[in-house]
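Below is one structure, written out as structure tokens, with a few remarks after it.
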Amino acid sequence: MARRFRGESEQTVDSKGRVSVPALFRRVIEACDPEWTEGLRPELVIVYGSEKRNHLECYTIEAIEEIDRRIDRMKKGSIERRMLERLYHGHSMPAQIVEDGRIVLPQKLRKKLDLEDKAFFIASGDHFQIWKPSTYEETEMAKVDAWLDAQDEDFDPSSLLPDLPAE
């Protein structure tokens, strides 16, 4: 993967479901779409998952192709492979970023998240997530805060990172 997503942003959703993708996110999507060149619409894949999932996951073409390759390596017919195919292939949709930097979130996805006028974008490495802002604050930020509160006062989160293999 050429690049990773970084940052967060709250964006306006219009009545037709159009929402601006943060500029830094668009650059990553462009860089990770092997078919994209200036003048074309960069593509991504939106994974909406099961009804239990309260956010959308948006993958670059390179990132979703890596997931596809990993699924392809799983045993055909296994329950694990079937479930991952369902989640990443069946419960997903292709999307394009149009000229003005926006994507269209269909009514089905807006209803799933209860999105009205705002959407919250948060980077997650090789993909980014889209949340209803209040849902993100109430669930995810509460988890982060509780986890940090449970740590020692001088806790350094980078201490959890594994060492890199010697080159």
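The values are calculated or read from the model by the stated rules, or taken from the named source; none is laboratory data. All values reported here derive from a predicted model rather than from experimental measurement. All Cβ positions, glycine included, derive from the backbone under ideal geometry; neighbour counts span all protein chains shown. Only protein heavy atoms, including side chains, enter the accessible area calculation; ligands, DNA and RNA are left aside. Shrake-Rupley method; radii C 1.70, N 1.55, O 1.52, S 1.80 Å.
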TODO: For region 34-54, state whether one or more residues are open to solvent by 50 Å² or more (accessible area, probe 1.4 Å) and among the polar types (S, T, N, Q).
DONE: yes
- [ ] From the list Asp100, Asp126, pick out the single residue that is of a type in the set (D, E, K, R) and in contact with a helix residue (DSSP H, G or I) (Cβ under 6 Å, 6 or more places away or on another chain).
- [x] Asp126
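Which residue is farthest from Cys58 (Cα to Cα), if the candidates are limited to region 127-156 and must be assigned to a helix (DSSP H, G or I) and open to solvent by 70 Å² or more (accessible area, probe 1.4 Å)? Walk me through how you get there before you give the answer.
Step one: list which residues in region 127-156 are assigned to a helix (DSSP H, G or I), which gives 133-149.
Now narrow it down to the ones that are open to solvent by 70 Å² or more (accessible area, probe 1.4 Å): 137-138, 143, 145, 147-149.
Numbers: Glu137: 19, Glu138: 21, Lys143: 22, Asp145: 25, Trp147: 26, Leu148: 27, Asp149: 30 Å.
The qualifying residue farthest from Cys58 (Cα to Cα) is Asp149.
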Task: Residue in region 90-104 that is small (Gly, Ala, Ser) and in contact with an Asp or Glu (Cβ under 8 Å, 6 or more places away or on another chain) present - done: yes
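Return the total of residues in region 79-96 being basic (Lys, Arg) and open to solvent by 80 Å² or more (accessible area, probe 1.4 Å). Even if it seems obvious, please write down each step before you answer.
Going residue by residue through region 79-96, those that are basic (Lys, Arg) are 81-82, 86.
When the remaining residues are screened for being open to solvent by 80 Å² or more (accessible area, probe 1.4 Å), the result is 82, 86.
Total satisfying the criteria: 2.
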TODO: Check whether at least one residue in region 110-126 is open to solvent by 50 Å² or more (accessible area, probe 1.4 Å) and touching a Pro at 6+ places or on another chain (Cβ under 8 Å), and report yes or no.
DONE: yes
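Suppose we keep only residues that are in a helix (DSSP H, G or I) and either in contact with a Lys or Arg (Cβ under 8 Å, 6 or more places away or on another chain) or not hydrophobic (A, V, I, L, M, F, W, C) (or both) within region 157-167. Which one would you say is surrounded by the most Cβ atoms within 10 Å (Cβ to Cβ)? So that I can check it myself, show each step before the final result.
Of region 157-167, the ones in a helix (DSSP H, G or I) are 157-160.
Now narrow it down to the ones that are either in contact with a Lys or Arg (Cβ under 8 Å, 6 or more places away or on another chain) or not hydrophobic (A, V, I, L, M, F, W, C) (or both): 157-159.
Details: Pro157: 9, Ser158: 5, Ser159: 7.
Ranking the qualifying residues of region 157-167, first place goes to Pro157.
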Task: All positions within region 62-73 that are surrounded by 14 or more Cβ atoms within 10 Å (Cβ to Cβ) and either aliphatic (A, V, I, L, M) or free of Cβ contacts under 8 Å to residues at least 60 places away in the same chain (or both) - done: Ala63, Ile64, Glu65, Ile67, Asp68, Ile71
TODO: Take region 97-109 and flag every residue that is open to solvent by 20 Å² or more (accessible area, probe 1.4 Å) and of a type in the set (Val, Ile, Thr).
DONE: Val98, Val104
Task: Flag if Lys76 is open to solvent by 50 Å² or more (accessible area, probe 1.4 Å) and closer than 27 Å to Glu116 by Cβ - done: no
Open item on the list: Just to be sure before I move on: is Gln11 closer than 26 Å to Glu140 by Cβ, of a type outside the set (D, E, K, R), in contact (Cβ under 8 Å) with a residue 60 or more places away in the chain and surrounded by fewer than 13 Cβ atoms within 10 Å (Cβ to Cβ) in the structure I sent?
Closed with: no
Task: Restricting region 72-126 to residues that are part of a loop (DSSP other than H, G, I, E, B) and closer than 15 Å to Val21 by Cβ, the residue that is modelled with the lowest pLDDT - done: Glu99
TODO: Report, by residue number, each residue of region 6-45 that is more than 17 Å from Ile67 (Cα to Cα) and assigned to a strand (DSSP E or B).
DONE: Glu8, Ser9, Glu10, Gln11, Thr12, Val13, Arg18, Val19, Ser20
